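> Handing you a structure now.
The values are calculated or read from the model by the stated rules, or taken from the named source; none is laboratory data. From a predicted model like this one, the values you see are computed outputs, not experimental measurements. Counting neighbours? That spans all protein chains shown, and the Cβs are built from the backbone with ideal geometry, glycine included.
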Amino acid sequence: MVLYAVVRVRGLINIKPDIKKTLQLLRLTRANHCVLIPKTSVTAGMLQRVKDYVTWGEINAPTMQELLSKRGRLVGDAPLTDAYVSSATSYKDIEALSKALMDDTFSFKEMPDMKPVFRLAPPRKGYEGIKRAYPNKGALGYRGAAINTLLQKML
């Protein structure tokens, strides 16, 4: 199964209520927050509704591993460590956990102490433009595998 990394780009000003509710359902309550969601018809519809406020694409394994190790947090804002992963799951480290997430043999629900939202820094050198779509030299909407370069700039 393919995992989408969804990053909220724009803030809260002048958002329609249905779009605001969809962003809350996606757990994207602030700018520069990232969530990982599976590629399904339901999530595709949700992403289409909020396309003017987020950017998304398919995350690859090295970026997933770096995201979990650098920005993964537990309840209480403790960082996600190899020791915690080996004690709470059947995987020995974060690398094995990220491979399991990519292969769809593990879900975040199986590790209840882990926060599902990754708080990221604004990208180095800034966004391309927060009011235009990605094909039009902007930052919004679907960007495919280019989401990995954006996440690298934000880690």
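> Being surrounded by 19 or more Cβ atoms within 10 Å (Cβ to Cβ), more than 16 Å from residue 8 (Cβ to Cβ), aliphatic (A, V, I, L, M) and modelled with pLDDT under 90: is that true of residue 75 here?
Taking the combined requirement at face value, the residue does not satisfy it.
> Here's something else I'd like to know. Somewhere in the range 104-119, is a residue hydrophobic (A, V, I, L, M, F, W, C), over 13 Å from the mean Cα position of the chain (by Cα), exposed (fewer than 12 other Cβ atoms within 10 Å of the Cβ) and more than 20 Å from residue 50 (Cβ to Cβ)?
Within the range 104-119, none of the residues are hydrophobic (A, V, I, L, M, F, W, C), over 13 Å from the mean Cα position of the chain (by Cα), exposed (fewer than 12 other Cβ atoms within 10 Å of the Cβ) and more than 20 Å from residue 50 (Cβ to Cβ).
> Which of the helices (runs of 4 or more DSSP H) contained wholly in the range 1-101 include at least 2 residues that are β-branched (Val, Ile, Thr)?
Helices (runs of 4 or more DSSP H) meeting the threshold: 17-25, 41-49.
> Follow-up. Which of the residues spanning the range 102-114 are part of a loop (DSSP other than H, G, I, E, B), within 16 Å of residue 5 (Cβ to Cβ) and not charged (D, E, K, R)?
Residue satisfying the conditions is 107 alone.
> Pick from 80, 68: which is of a type in the set (A, V, I, L, M, F, W, C), over 14 Å from the mean Cα position of the chain (by Cα), within 24 Å of residue 122 (Cβ to Cβ) and at pLDDT below 90?
Being of a type in the set (A, V, I, L, M, F, W, C), over 14 Å from the mean Cα position of the chain (by Cα), within 24 Å of residue 122 (Cβ to Cβ) and at pLDDT below 90 holds for just one of 80, 68, which is 80.
> How many residues does the range 116-154 contain that are assigned to a loop (DSSP other than H, G, I, E, B) and either of a type in the set (Gly, Ala, Ser) or within 14 Å of residue 35 (Cα to Cα) (or both)?
Qualifying residue count, the range 116-154: 7.
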